[in-house]
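Single-structure report; data block below.
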Amino acid sequence: MTKRIFRTILATSFVVLLVGIAVIIGILYPYFGGQLEKELENEASYLSLSVEKDGVAALEQLPHSSSTRITLIASDGAVLYDSQADAAQMENHADREEIRDAMENGSGKAWRQSDTLDEQNIYYALRLSNGNVLRISSAQRSVVSLVLGVLQPLLWVALLLIILAAVFASRASKKIVAPLNSLDLENPEKNDIYDEVAPLLTKIDRQQKTIRQQLAEAKHRQEEFSLITSHMSEGLLVLDSRMDLLSYNESALRLLGVSEEKSSYVGKNILVLNRNEAFREVIESSLAGHHSETLLSLNDLSCQIIANPVLTDGTVAGAVLLLVDVTEKTQREAIRREFTANVSHELKTPLTSISGFAELLQNGIAKPEDTKKFAGRIFDEAQRLITLVSDIIKISQIDEGHLPYTAENVDLRSLISGVLDRLRPAAERADISLSLREGNASLETVAPILEEILYNLVDNAIKYNKKGGKVAVSVEKDGRQTRIRVQDTGIGIPPAQQQRIFERFYRVDKSHSKEIGGTGLGLSIVKHGAAYLGAQILVESTPGEGSTFTLVWDSTC
Ligand code: ADP
């Protein structure tokens, strides 16, 4: 802007200078012509007095002048005298304008271009009393020659004026622009500047208020969006068509295994978060305009990625990726698959036996004395199947959480006594003594499930015991903790397998377990049942010496 003002002022000054010179010349040139004309008039009237008196002789005595030309013309137009030419040689002057006027009116004047073009002649003619005409003329330079004559000084003056104009223009432009440069656009209304700028400042002020309002709204929305997405358990990633991140939440970083957020990833390529091939493919597919999904296994996590393109006017402007942690679901599915396979296997064995023995009986291959034995085997295997199916039903019910029971205040001592009474015949058969130690407590719990847990623990303590062994159950309340302990003097469990025994169908000694009618589901029911009741199940065991299973309720948990 400074430059523009500078150039405008300079150009204006230059034009003004040219016009000024032209106007001055235009005014002065005719003025000087008029002055010269008056001088000629005066000179003619003085000279006419001498010529009236002495005739041509008066003129011949005059000193020679190069600037003024004197001519005496007779009343018939013949030239009698000329100060610069031979009168005899000169043509008749009667038709000259000034001569004609003088003869008719007493005086006459005329301006005529000279032969050389750079001059013009001014004539003044005066009629004498004898009818002759005295003419005096002088040359005046033409405008062009006048200008050319003063061209050099004129150029110097013009140059000087242009320099002055340039200095002035430079200062003036800076002075005009300075207040504009120091405008406080944050507070446009507070500026005290040219009146002409005031409407602009009012407009800027209005616009700034609108911008501030819109910014505040945008910020508010952004904060709202961040607040919502930061509390999402699902990961959210928004990217543009060049794969650069526009937005993301913390869950997305966690699920993609980005340990710590060093700096913001906004504006960075999404692949800096994870370079997994499947991850890249799902992004590329969504940016090609397709909905796509993939399951990503990252460290211990299974993450399902759902990617959708974002379309504006039919073109893909970016994509939105939703990351869902499906680790638990995947693990459950794996456990379920394994369980189904195990169940099928466990069911197949007794069914094959039943089918085999039944076939022998049906075909009459079995001897009559073996019939009872085979029927007994079929009964045993069927019993095994019934126990297995009922265990499967129990475990499924606990697993699903769809149990028709409600919690109640349970007297633990009487509940344990009931369980021991049910198992006493089996214990006696195995020569195992059962005892309930001193102590009691009551608990708000689901009695049928607790009964099922204790039944399995005591049953195992009998099954995996030695002849003449002992099983002791105790209940105690200690401050915030309630504990039920089932202790046996049995075969014990090797340390490496103490946690695995809670897995479905896991047995330390498979053939021994089957031999004594185990399904491999008892401790799994215990584990799930304890979790349902909000208790912990702990195991301590020494091979060859015995095991202790403890159920612990901690009221602070
Ligand atoms: P099972 O029906 O085979 O008894 P469980 O789930 O009840 O299945 O037990 C799993 C395995 O844990 C058993 O096969 C056995 O090897 C071991 N076990 C359970 N309780 C005891 C115990 N009190 N003493 C020794 N081993 C035990």
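How much length would be gained if the chain were fully extended between K209 and N92, taking 0.36 nm per residue of separation minus their Cα-Cα distance, in nm to one decimal?
Here the answer is 32.8 nm.
From the protein chains alone at 1.4 Å, what is the descending order of accessible area for S259, S414, S83, largest first?
Correct descending sequence by accessible area is S259, S414, S83.
Quick check for you: with a 1.4 Å probe and neighbouring chains kept, what is the accessible area per residue of the stretch 100-183, in Å²?
Details: 5050 Å² over 84 residues.
Here the residues of the stretch 100-183 average 60 Å² of exposed surface.
Determine the gain in length on full extension of the stretch R429-S442; use 0.36 nm per residue of separation and subtract their C-alpha separation, reporting nm with one decimal.
Result for the pair: 1.5 nm of gain on full extension.
Roughly how big is the stretch 403-554's charge dipole about its Cα centre, with Cβ charges of +1 (Lys, Arg) and -1 (Asp, Glu), in debye to the nearest 20?
About 440 debye.
Under DSSP H, which helices of the chain have Cα atoms covering 24 Å or more of the helix axis and a Kyte-Doolittle average no less than 0.0?
Numbers: long enough: 2-54 (76 Å, 0.59); 151-181 (43 Å, 1.45); 198-230 (47 Å, -0.86); 327-363 (53 Å, -0.66); 368-400 (48 Å, -0.28); 412-429 (26 Å, -0.06).
Within the chain the helices that satisfy the rule are 2-54, 151-181.
Using the beta-carbon distance between D509 and S233 and R0 = 45 Å, what value does 1/(1 + (r/R0)^6) give for FRET efficiency, to the nearest 0.05?
Numbers: r = 43 Å, r/R0 = 0.96.
Efficiency for this residue pair is about 0.55.
With each pseudo-label sitting 7 Å past Cα toward Cβ, what's the A341-N299 distance in nm, one decimal?
Computed distance between label sites A341 and N299 equals 2.8 nm.
Relative contact order of the stretch 232-325, please, whole-number percent, based on alpha carbon pairs below 8 angstrom and at least 6 residues apart.
Reported as a whole number, the value is 31 percent.
Pairs of Cα atoms under 8 Å, at least six residues apart: use those to get the relative contact order of the stretch 459-522, whole percent. Could the numbers behind the result be given before it?
Values: 65 pairs, mean separation 16.5, N = 64.
Relative CO of the stretch 459-522 lands at 26 percent.
Under a crude label model (7 Å from the Cα following the beta-carbon direction), how far is Q331 from N105 in nanometres?
Inter-label distance under the simple model: 12.9 nm.
Rank by packing, highest mean first: peptides 263-272, 217-226, 431-440, 485-494, with packing defined as the count of other Cβ atoms within 10 Å averaged across residues.
485-494, 431-440, 263-272, 217-226
Return an integer: the convex hull volume of the alpha-carbon atoms of the stretch 8-127, in Å³ per residue.
135
Could you list, bin by bin from short to long, the percent of Cα-Cα pairs of the chain in 20 Å steps?
Bin by bin from 0 Å, the calculated values are 13, 19, 17, 11, 8, 10, 7, 8, 7, 1.
Straight-line reach from K3: which lysines have a Cα under 24 Å away, not including same-chain ones fewer than 8 places off?
K174, K175
Whole-Hz ³J(HN,Hα) for each residue in the stretch 472-485, computed from phi via Karplus 6.51 cos²θ - 1.76 cosθ + 1.60 with θ = phi - 60°, x for glycine and proline: what do you get?
Working through the residues one at a time gives 10, 10, 9, 10, 8, 10, 9, x, 8, 9, 10, 10, 10, 10 Hz.
What is the extension gain from L200 to L183, computed as 0.36 nm multiplied by their sequence separation minus the C-alpha to C-alpha distance, in nm to one decimal?
Contour length minus Cα-Cα distance gives 4.9 nm.
What distance in nm separates the simple spin-label points at R4 and L148, each placed 7 Å from Cα in the Cβ direction?
Each label point lies 7 Å from its Cα, and together they span 4.3 nm.
On the accessible surface of the stretch 415-489, probed at 1.4 Å, how many percent belong to carbon and sulfur atoms?
Accessible surface attributable to carbon and sulfur in the stretch 415-489 totals 44 percent.
Alpha carbon centre of the stretch 119-188 versus the stretch 355-412: separation in Å?
After rounding, the separation between the Cα centres reads 130 Å.
What ³J(HN,Hα) values, in whole Hz, does the Karplus curve 6.51 cos²θ - 1.76 cosθ + 1.60 give for the stretch 541-550 when θ = phi - 60°, with x put for Gly and Pro?
8, 10, x, x, 10, x, 9, 10, 9, 10
Calculate, for the stretch 232-325, the solvent-accessible area per residue in square angstrom, rolling a 1.4 angstrom probe over the heavy atoms of the protein chains.
Per-residue value: 52 Å².
Restricting things to alpha carbons, find the Rg to Rh ratio for the stretch 421-526 using the Kirkwood radius for Rh.
Values: Rg = 14.4 Å, Rh = 14.8 Å.
In the stretch 421-526, Rg relative to Rh is 0.97.
In the stretch 1-112, carbon and sulfur make up what percent of the accessible area (probe 1.4 Å)?
57
If we sort 5-17, 516-528 on the protection proxy, mean other Cβ atoms within 10 Å, highest first, what's the order?
Answer by packing, highest mean first, reads 516-528, 5-17.
Could you please report the charge total around S390, scoring K, R as +1 and D, E as -1 over all other residues with beta-carbon less than 14 angstrom from its beta-carbon?
Taking every Cβ under 14 Å from that of S390, the sum is -2.
Using helices alone, what [θ] at 222 nm do you get for the chain, with -39,500 (n - 2.57) per DSSP H run of 4 or more residues, divided over all residues and rounded to the nearest 500?
-17000 deg cm²/dmol
Under 26 Å Cα to Cα from K53, which lysines show up? Leave out anything in the same chain fewer than 8 places away.
Once the sequence-local lysines are set aside, what remains near K53 is K38, K109.
If the limit is 30 Å between Cα atoms, which of K367/K510; K373/K467; K367/K466; K209/K268; K372/K527 go over it?
Working: K367/K510 32 Å; K373/K467 27 Å; K367/K466 37 Å; K209/K268 33 Å; K372/K527 40 Å.
Pairs exceeding 30 Å: K367/K510; K367/K466; K209/K268; K372/K527.
The values are calculated or read from the model by the stated rules, or taken from the named source; none is laboratory data. On a predicted model such as this, the values are computed, not experimentally measured, just so you know. Cβ coordinates were reconstructed from backbone atoms using ideal geometry, including for glycine residues, and neighbour counts include every protein chain displayed. To get the accessible areas, we keep the full protein, side chains included, count just its heavy atoms, and leave off ligands, DNA and RNA. Shrake-Rupley method; radii C 1.70, N 1.55, O 1.52, S 1.80 Å.
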